[in-house]
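Report on one structure; see the data block that follows.
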Amino acid sequence: MLVRQACPLADLPRSEPTVTRLIRSRPITPRGETTLHTPHARPAESTPTRPPPPGRQSPPWPRSSSRLSPSLTPTSPTPSPTTSSPPPLPPRAPSRRTPPNPASAHLRRLIAREDLAGAARLVERSASCDGEAPDVYLCTKLIRNLCRRGRTSDAARVLRAAEGSGSPVDVFAYNTLVAGYCRYGHLDAARRLIGSMPVAPDAYTYTPLIRVLCDRGRVADALSLLDDMLRRGCQPNVVTYTVLLEALCRNSGFEQAMAVLDEMCAKGCTPNLVTYNVIINGMCREGRVDDARELLNRLPSYGFQPDTVSYTTLLKGLCASKRWDDVEELFAEMMEKNCMPNEVTFDMLIRFFCRGGMVERAIQVLEQMTEHGCATNTTLCNIVINSICKQGRVDDAFKLLNDMGSYGCNPDTISYTTVLKGLCRAERWDDAKELLKEMVRNNCPPNEVTFNTFICILCQKGLIEQAIMLIEQMSEHGCTVGVVTYNALVNGFCVQGHIDSALELFRSMPCKPNTITYTTLLTGLCNAERLDDAADLVAEMLRRDCPPNVVTFNVLVSFFCQKGFLEEAIELVEQMMEHGCTPNLITYNTLLDGITKDCSSEDALELLHGLVSKGVSPDVITFSSIIGILSKEDRVEEAIQMFHVVQDIGMRPKAVVYNKILLGLCKRCEIDNAIDFFAYMVSNGCMPNESTYIILIEGLAHEGLLKEAQDLLSVLCSRGVVSKNLIEELH
């Protein structure tokens, strides 16, 4: 008789957590998968359980039903619920000094020689004659060896032969074949085998199949299998439940996971550390980091000490929430408790620090990584080098490049190319050329990406001749001059205004141009106002089966809006959709900018509602255009309302947005309100720019407050905020 145990995570009032109820209410039916009606699973080794904590403790967090992201990736010494392990072989019975079985002795020799085909034939022959059958233990071992090699059909024949020999085949043999079926995706065969087993299945029978179903996202089928398992009187173990919990957190939502956790505790199955780590991960991926932190703190009261996976998972959740102070605190706690970080921990921290622009901290963690004996790798160093280069610190990137050997790894082509890109952006051309030579000396030859990186930046800077000289060197290093290289040259000619040279190069390309080639050339033609050539180029794209994409259309829409051809721009957007190309936010923002220049605010608001109805989320640029035209048409109150909408949805308006409202207030001679709004701007941490002060000065002058305007202008000029020629303009 099972004793009902209190689940330490769940004592809030909830509906009865039966698995059957979960199945009925579950909205999941993955595409392409048939629903299983018979259980099957690959055995997995159960983690020893500990006694449950005394009493029933109340969780400090509210339940939520939001979906949960994928499960843990870190590794730790704690066994993972998703790591498959073969079912244990049955224990050998103690020897009773019976005469040796010749068939068993022969079978043992064949298995030892790995003659599996001969061993399988021996078992089948033994079943067809009246001789003594081989030992079931050896048959199970043969089935396991066959399954490991993917020979599940041969393993099934051995099992049938063992059944026909008259010897009692135990559950271990069936579990071994079920595990083999699951490993190679033969789920229907595993299901049929479980349904036809003459012996009672156990948790090792079902768990592999439940795991495979969960891995494939078929959580409803996995829960149905669990329900069938319980109906047949087979009690799931902690691994079975933990696999299900992980899948529920990943696919169905945290509430369903907690319901299964309740069921687990009610059946007398105590969660282990892996189970709690899964729950911590689920909380973090739902953004419930404080709840996860509280659970980690309570683990000792449940009889467990947090391990590397526990801390790494919570650190990942804190990093994702950009709670850097909490990250530092938890990392320090981890070290103090002698829970050593592993490569996964350090790798995750370095990546998050680089993503957050905290390069110095990333370098410190990289050094700690080597101090703790964790292996760094070239990819991780490249991430740090790239972050350093993005901050313009090319010399520091150079230093790390040269120091990579001390971190136990060597620079690769990506390492050099990243630093090369930083040098080119800083226009340190001589250093860049020297680095190319160093690459060759260090047996790390540049590839197409290296050359194209260099060539693209040279072309952007207008250094076409140097780019062409570099292209000539590509073949010397065995690199192919492809469409990416030619696109860079075409762009270089267009940037310099040499459209005819760009067209000539385009016509002589030895490789087929792509959409980027056409779009680059189209941009140059539009900037040169060669509309006929641009139209011919679009027609050529369609003829050559290179359809324009949204970037191509956006180039044309932008050009029409700049020239005031608003009707043509709107017509072009309609043609986009006819060609199966969906306008994006850039398209709508470009149109909106054109509308605010030539049309009314009602037209702008109509376009705003239209893009929202199409599922496009407006950004600060979108709202800036709307606020601008509302202020321009003396609808300042509505502009301010729109401004607060921007703030309410979490966007931070820039100075240009504040300036548009200030301009509207000053035009209405509401200088006091303008000054109040200016103070509100500063209090929100938005720094005024020169245009802000010019609007205020002109507003003061417009209301006849010339002395106040001159005094403010003098103060601003003395601080270098605005240019001195504004004083003369005001006088």
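Table for the structure above
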read-out	value
Rotationally averaged projected area of region 593-708 (alpha carbon convex hull; nm²)	7.3 nm²
Region 560-609 versus region 637-664: alpha-carbon centroid distance in Å	22 Å
Estimated translational D of region 171-311 in µm²/s (Stokes, Kirkwood radius over Cα pairs; 20 °C; 1.002 mPa s)	135 µm²/s
Sorted peptide list for 452-459, 308-315, criterion being average Cβ within 10 angstrom, highest first	308-315, 452-459
Where N is the number of residues in region 447-547, Cα Rg divided by 2.2 N^0.38 Å	1.06
FRET E, pair LYS461, HIS372, Förster distance 41 Å, beta-carbon r, rounded to 0.05	0.40
Sorted peptide list for 479-486, 565-572, criterion being average Cβ within 10 angstrom, highest first	479-486, 565-572
Proximal lysines to LYS667, defined as alpha-carbon separation beneath 17 angstrom and excluding residues fewer than eight positions away on the same chain	LYS632
Kirkwood Rh, Cα atoms: Rg over Rh of region 570-633	0.97
Descending semi-axes in whole angstrom, ellipsoid equivalent of region 310-388, from the Cα gyration tensor	18, 15, 10
Along principal axes, Cα extents of region 279-436, largest first, whole Å	63, 29, 20
Segment ASP533-CYS717, length gained on full extension (0.36 nm per residue, minus Cα span)	61.3 nm
More than 19 angstrom apart: percent of Cα pairs within region 130-224	38 percent
Kirkwood hydrodynamic radius of region 177-258, Cα pairs, Å	12.7 Å
Vicinal HN-Hα couplings computed from phi for region 511-516 (Karplus, 6.51 cos²θ - 1.76 cosθ + 1.60; Hz; Gly/Pro x)	10, 6, x, 10, 4, 5
Debye-sum result for region 358-502 in log10 I(q)/I(0), which assumes one identical scatterer on each alpha carbon, at q = 0.09, 0.12, 0.14, 0.18 Å⁻¹	-0.31, -0.53, -0.69, -1.00
Cross-link partners of LYS337 among aspartates and glutamates (Cα-Cα below 15 Å; sequence separation of 8 or more within a chain)	ASP307, GLU328, GLU329
Normalised per residue, the volume of the convex hull around the Cα set of region 501-560 (Å³)	72 Å³
Region 642-711, Cα convex hull volume normalised per residue, Å³	78 Å³
Å³ per residue enclosed by the Cα convex hull of region 125-171	64 Å³
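A short reminder: the numbers here are calculations on the coordinates, not readings from a lab. Every value quoted in this text rests on a predicted model; they were computed, and no experiment measured them. Because the Cβ atoms are built from the backbone with ideal geometry, glycine has one as well, and the counts that use them run over all protein chains shown.
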